[in-house]
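Take a look at the structure below.
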Amino acid sequence: GGSLPRSVDVVPAHWYDTRQYQASGHLPDRQITIFNKKTRETINNLPFLHIERVGRRCDSIGGGLRKAIRLCKSVKSDSDRDIRLSSYDIAAIMYHADMTALRLGVYSDLAVLAETQRHLDSLYMNPETANNLWVPDGSRLIFDTPEKRTWLLWLSVEMDELLTHVYKENFPA
């Protein structure tokens, strides 16, 4: 539907009702099992728990976390570099940003840009810290492959360039 043509990914998957879900009936406790056709393995995923945790954190700071995630996804999409971080990974990366700084996004979108740029640079410059960060649902480390460090660098460089352009546009002298 809609007026924009777009590709659609079809992912073979099924519900897995964990013990917690059977006891609570709470959607974040429900798991999805996804079939990876490339490796012919199944992957267990807790997308509703991820959504709940990101949403709760974002709501607690007035929306700045979602703005930062959207900014990263837009910059990735507009980039000429082949940044293959998934939306899930981008959300997980920004989940660990400074929420006090992102809270300032209520007053200025530039505060979101500044914290996003600072956080991405910090993670790249501190690999030990980055390599110990978990996705919000606690199912795996964010940087679970070496390629993700390269993609983080590229996203960080793109954000550096954006911040420079925004600065020059706002303060031309």
Exercise for the section: Specify which of the listed residues (ILE61, ILE142, ILE93, ILE83) is open to solvent by less than 30 Å² (accessible area, probe 1.4 Å), touching a Leu at 6+ places or on another chain (Cβ under 8 Å) and either of a type in the set (D, E, K, R) or over 26 Å from LEU27 (Cβ atoms) (or both). Expected result: ILE83
Problem - Residue within the range 100-120 that is in contact (Cβ under 8 Å) with a residue 40 or more places away in the chain, touching a Ser or Thr at 6+ places or on another chain (Cβ under 8 Å) and surrounded by fewer than 14 Cβ atoms within 10 Å (Cβ to Cβ) present - result: no
Problem - Positions within the range 145-165 being among the polar types (S, T, N, Q) and either surrounded by fewer than 17 Cβ atoms within 10 Å (Cβ to Cβ) or in contact with a Pro (Cβ under 6 Å, 6 or more places away or on another chain) (or both), in sequence order - result: THR145, THR150, THR164
Completion exercise
Inside the range 26-58, the number of residues satisfying the requirement of being in contact with a Gly (Cβ under 9 Å, 6 or more places away or on another chain) and either within 15 Å of ALA13 (Cβ to Cβ) or open to solvent by 90 Å² or more (accessible area, probe 1.4 Å) (or both) is 1
Fill in the blank from the handout: Filtering the range 9-23 down to residues that are open to solvent by 100 Å² or more (accessible area, probe 1.4 Å) and closer than 18 Å to LYS38 by Cβ yields ASP9, VAL10
Practice task
Report yes if ARG66 is touching a Leu at 6+ places or on another chain (Cβ under 8 Å), of a type in the set (D, E, K, R) and crowded, with 16+ Cβ neighbours inside 10 Å, otherwise no.
Solution key: no
Problem - Where a residue in the range 143-165 is touching a residue at least 24 places away in the same chain (Cβ under 8 Å) and its partner, wherever it lies, is assigned to a helix (DSSP H, G or I) and of a type in the set (Ser, Thr, Tyr), with Cβ under 8 Å and at least six apart - result: ARG149/TYR124; LEU152/TYR124; LEU153/TYR124; SER156/TYR124; MET159/THR116
Problem - Failed condition for SER122, given (1) modelled with pLDDT of 95 or more; (2) among the small types (Gly, Ala, Ser); (3) under 16 Å from CYS58 (Cα atoms) - result: (3)
Exercise for the section: Could you please let me know if ILE69 is without any contact (Cβ under 8 Å) to a residue 40 or more places away in the chain and either closer than 15 Å to ASP89 by Cα or among the hydroxyl-bearing types (Ser, Thr, Tyr) (or both)? Expected result: yes
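The values are calculated or read from the model by the stated rules, or taken from the named source; none is laboratory data. If you're wondering where the values come from, they're calculated on a predicted model, not measured in any experiment. Note that each Cβ is placed from the backbone with ideal geometry, even for glycine, and that neighbours are counted across all protein chains shown. Accessible surface is based on the protein model in full, side chains and every heavy atom, while ligands, DNA and RNA are left aside. Shrake-Rupley method; radii C 1.70, N 1.55, O 1.52, S 1.80 Å.
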